[in-house]
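The values are calculated or read from the model by the stated rules, or taken from the named source; none is laboratory data. Please read these numbers as outputs of a predicted model, since none were measured by experiment. Every residue, glycine as well, gets a Cβ built from its backbone with ideal geometry; the counts of neighbours run over all protein chains shown. SASA here: full protein model, heavy atoms, side chains in, ligands and nucleic acids out. Shrake-Rupley method; radii C 1.70, N 1.55, O 1.52, S 1.80 Å.
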Amino acid sequence: MRLPALALTVLIGLSVVVPVPAAATPVPLTNLAHLNFLGDTVSPPEQPGHTTHRLAREPAIGVLWTYADRRDDGHYDRIGGGEYDPATDTYSQGAFNADDISRASVVYLRHWRQTGDESSREHAHQLLRGLTYLQTTGGPHAGNVVLWMQPDGTLNPSARPVELPDPSDSGPSYWLARTVWALGEGFAAFRGTAFGSFLRDRLDLAITALDRQVLSRYGRWQLVDGVRVPAWLVVDGADASAEAVLGLAAYVSAGGGRAARTALARLAEGIAAMSPGTRAGSWPYGAILPWALSRSDWHGWASQMPAALARAAAVLNRPDLARPAVTDAATFTPYLLTAGGPDNGWLPAPVDRTQIAYGVDSRVWSLLATGAATGSPGPRALAGIAAGWFFGANAAGEPTYDPASGRTADGVSGEGVVNRNSGAESTIHGLLTMLALDASPALARVARDSGAVRHRESTVLVEGESAAGGEVVTPPSAWTGESQWSGGAYLRLAAGDGAKLTVPAGGQPRLVLPVVDTQPGHGTTSWSTGDRRLGRVDHDGAPQGASPAPGALLPVTLTTPLPPGATSLTATATGKSTVDAVLLRPEVSQVVYSRTAVLQSAAPGPRTRPVTVPAGTRVTVHGYDGTGRPVTRATATGPTVLARVVAGGFTVLRW
């Protein structure tokens with residue numbers, strides 16, 4: 001039944017929907033028109049090992065076009081992936097793919113359960129039929145998933161360019177993880193029906209594939225540049241594993257059996273192990289790292305690790321699993337917001353500043369899930385602010401979601417250029433965030449109040465190759481195999497070499513983080529400004545281990561901050577040393593939006609910082625510690641508000 005007079009609070013995983021009386025029904029932000037436009041049906045030819053629910057009776061299955069390119073006259077064309085051959089009406093990849101079909105299924109499932117919309121129920125039903133057709137049902141690869149399908153329904157297991165695994169159903173993959181996500185939420189929605197039983201069987205088949213190919217390594221560890229990391233993650237990824245965990249948590253909540261519960265616990269433990277547990281001022285600033293084979297890589301896209309751990313902690317009654325989620329949500333994410341938002345790549349310097357809906361949505365749902373699992377209000381206070389990206393809080397200063405059409409732009413470059421195409425992935429993750437905002441009008445108001453960036457005081461990057469002294473090296477490729485040289489070059493120092501960097505002045509103490517290449521046998525650098533010593537960096541690294549490349553690019557925090565007003569840094573080397581860049585991070589970072597602001601502290605003690613707001617504005621100031629628990633509350637009047645931030649915590653202002 002549709003509930004037009006209710007605002008719905010939906011817990012992550014959609015196992016519980018709690019109606020909350022609302023004074024009035026706001027106009028929904030969620031508009032499925034463009035997602036519907038991307039949808040299609042196809043009657044695939046008979047292909048061994050591939051079938052779906054009632055295929056003989058209903059030969060047409062639901063699919064989804066991969067991209068929608070905007071043309072000069074404003075209309076959008078649906079296209080597939082790779083090069084198109086008009087003679088055969090095929091793409092070198094395909095027209096439809098399991099990654100997007102699975103996640104679009106989640107959109108329709110959540111919309112159906114949140115609103116009672118029967119058309120969304122049918123869309124979810126048909127897309128899940130299409131998704132399960134892509135799953136291989138027998139043979140050595142049973143349970144795995146073919147990624148690509150051509151316009152006529154023919155499967156394309158080996159796409160061009162080559163994607164691993166190849167063939168795409170020959171091993172674990174992101175698309176297997178996302179299939180588990182969709183099937184878990186699908187079973188929870190359709191349980192008690194014949195289709196629900198079918199989904200359960202297919203999800204159990206997928207879990208068997210995970211057990212055979214991934215979780216058979218449970219308890220084994222691998223060394224990556226001297227650090228022990230789990231060997232039982234899907235494609236060595238905490239990011240991919242997190243999306244499987246979202247589905248497993250929904251499945252277990254809805255009655256999934258022992259195998260599902262075991263898989264859920266083991267994958268969640270692997271994700272939790274990817275949290276170094278660092279403090280706010282040290283890399284990776286409290287974040288859960290996404291890739292087990294690199295200590296130097298964080299990316300916004302697919303960063304649903306906190307959401308997955310929060311859901312697993314709640315379902316399994318394992319508070320230990322929630323702790324890394326809390327650190328990511330309440331220590332890392334407020335800093336991420338002040339630094340510009342969920343970039344596509346901190347590698348480890350912020351070298352890819354493109355932002356996409358997938359990254360923003362991953363932050364929003366991670367904050368909501370962590371707040372729901374722990375009861376701490378801090379993460380939820382940040383969730384609406386993070387969603388402000390869709391309303392203009394991005395490098396372009398323009399909305400990226402259009403509620404009139406349901407389209408989400410395919411991203412914003414670091415230079416502020418909007419990609420006006422609107423493919424499946426962007427559409428899906430824009431809609432997932434809009435569903436969260438529709439479920440809470442208060443959250444939606446915060447998002448709109450955070451739709452423009454007025455001021456930012458955060459980390460400054462200074463390239464190593466800008467120094468006077470040493471040797472500038474430009475490698476053939478900026479990508480190292482596990483990280484990336486900022487600016488495509490670096491500074492090489494020999495024993496006795498000195499280098500001087502000119503840096504912009506700051507109005508408060510700033511942490512100094514040289515980004516250095518740690519390699520076995522490398523020397524040290526000593527850092528100073530004027531006659532003040534700031535600290536020493538050891539460039540000697542651990543053996544490569546399972547890492548794809550020798551060495552590790554890592555930011556190292558110096559023991560003494562750079563004082564206010566300082567405009568130079570000097571490094572002196574005792575042996576061969578490589579410096580990629582230097583990050584200068586204020587003790588307290590801040591970002592001010594239209595009617596909200598966030599401050600985050602990496603200082604060793606409490607700090608008070610001024611925030612400029614419109615004159616005469618009445619402001620509420622809420623302070624939280626590094627776990628998201630409230631610690632201070634105050635009110636003030638603009639234009640200058642003195643905001644207190646506790647060590648390692650964050651403060652949110654609203655007016």
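Only one of 227, 235 is in contact with a helix residue (DSSP H, G or I) (Cβ under 9 Å, 6 or more places away or on another chain), of a type in the set (Val, Ile, Thr) and open to solvent by 10 Å² or more (accessible area, probe 1.4 Å). Can you tell me which?
So the residue among 227, 235 that is in contact with a helix residue (DSSP H, G or I) (Cβ under 9 Å, 6 or more places away or on another chain), of a type in the set (Val, Ile, Thr) and open to solvent by 10 Å² or more (accessible area, probe 1.4 Å) is 235.
Applying the selection to segment 44-98, what residues are of a type in the set (A, V, I, L, M, F, W, C) and in contact with a helix residue (DSSP H, G or I) (Cβ under 9 Å, 6 or more places away or on another chain)?
55, 60, 61, 63, 64, 65, 68, 96, 98
Just the residues that are open to solvent by less than 30 Å² (accessible area, probe 1.4 Å) and closer than 11 Å to residue 597 by Cα, please, taken from segment 453-477.
Result: no residue meets the conditions.
Among the residues of segment 622-633, write down those that are more than 26 Å from the chain's Cα centre (by Cα) and open to solvent by less than 50 Å² (accessible area, probe 1.4 Å).
If the condition is that a residue be more than 26 Å from the chain's Cα centre (by Cα) and open to solvent by less than 50 Å² (accessible area, probe 1.4 Å), then 632 is the only one that fits.
Looking at this structure, is residue 528 hydroxyl-bearing (Ser, Thr, Tyr), out of contact with any helix residue (DSSP H, G or I) (no Cβ under 6 Å at 6 or more places or on another chain) and buried (at least 16 other Cβ atoms within 10 Å of the Cβ)?
It is true that residue 528 is hydroxyl-bearing (Ser, Thr, Tyr), out of contact with any helix residue (DSSP H, G or I) (no Cβ under 6 Å at 6 or more places or on another chain) and buried (at least 16 other Cβ atoms within 10 Å of the Cβ).
Output yes when any residue across segment 308-317 is assigned to a loop (DSSP other than H, G, I, E, B), open to solvent by less than 10 Å² (accessible area, probe 1.4 Å) and in contact (Cβ under 8 Å) with a residue 24 or more places away in the chain, and no when none is.
Among the residues of segment 308-317, not one is assigned to a loop (DSSP other than H, G, I, E, B), open to solvent by less than 10 Å² (accessible area, probe 1.4 Å) and in contact (Cβ under 8 Å) with a residue 24 or more places away in the chain, which makes the answer no.
Here's a check for you: in segment 423-452, which residue that is surrounded by 24 or more Cβ atoms within 10 Å (Cβ to Cβ) and of a type in the set (S, T, N, Q) is farthest from residue 338 (Cα to Cα)?
427
For segment 502-511, enumerate the residues that are under 33 Å from the mean Cα position of the chain (by Cα) and part of a strand (DSSP E or B).
Of everything in segment 502-511, those that are under 33 Å from the mean Cα position of the chain (by Cα) and part of a strand (DSSP E or B) turn out to be 510, 511.
Name the pairs whose Cβ atoms lie under 9 Å apart, with the first residue in segment 556-577 and closer than 17 Å to residue 500 by Cβ, the second of a type in the set (Phe, Trp, Tyr) and part of a strand (DSSP E or B), and 6 or more positions between them or separate chains?
558/527; 569/527; 570/527; 571/527; 572/527
Inspect segment 260-267 for any residue being surrounded by fewer than 22 Cβ atoms within 10 Å (Cβ to Cβ), of a type in the set (A, V, I, L, M, F, W, C) and more than 30 Å from residue 553 (Cβ to Cβ) and give the result as yes or no.
Scanning segment 260-267, I find at least one residue that is surrounded by fewer than 22 Cβ atoms within 10 Å (Cβ to Cβ), of a type in the set (A, V, I, L, M, F, W, C) and more than 30 Å from residue 553 (Cβ to Cβ), so the answer is yes.
Whether any residue in segment 124-147 is open to solvent by 60 Å² or more (accessible area, probe 1.4 Å), closer than 30 Å to residue 545 by Cα and in contact (Cβ under 8 Å) with a residue 24 or more places away in the chain is what I want to check.
Yes: segment 124-147 contains one or more residues that are open to solvent by 60 Å² or more (accessible area, probe 1.4 Å), closer than 30 Å to residue 545 by Cα and in contact (Cβ under 8 Å) with a residue 24 or more places away in the chain.
Could you check, for segment 268-276, whether at least one of its residues is of a type in the set (A, V, I, L, M), assigned to a loop (DSSP other than H, G, I, E, B), in contact with an Asp or Glu (Cβ under 6 Å, 6 or more places away or on another chain) and more than 23 Å from residue 514 (Cα to Cα)?
No; the residues of segment 268-276 include none that is of a type in the set (A, V, I, L, M), assigned to a loop (DSSP other than H, G, I, E, B), in contact with an Asp or Glu (Cβ under 6 Å, 6 or more places away or on another chain) and more than 23 Å from residue 514 (Cα to Cα).
I need the full set of residues from segment 11-47 which are at pLDDT below 95 and more than 21 Å from residue 103 (Cα to Cα), in order please.
Hits for segment 11-47 are 18, 19, 20, 21, 22, 23, 24, 25, 26, 27.
Can you list residue pairs whose Cβ atoms sit under 7 Å apart, with the first residue in segment 369-398 being closer than 23 Å to residue 310 by Cα and open to solvent by 50 Å² or more (accessible area, probe 1.4 Å) and the second being at pLDDT below 95 and not hydroxyl-bearing (Ser, Thr, Tyr)? Count only pairs 6 or more apart in sequence or on different chains.
Partner pairs satisfying both residue conditions: 372/11; 372/12.
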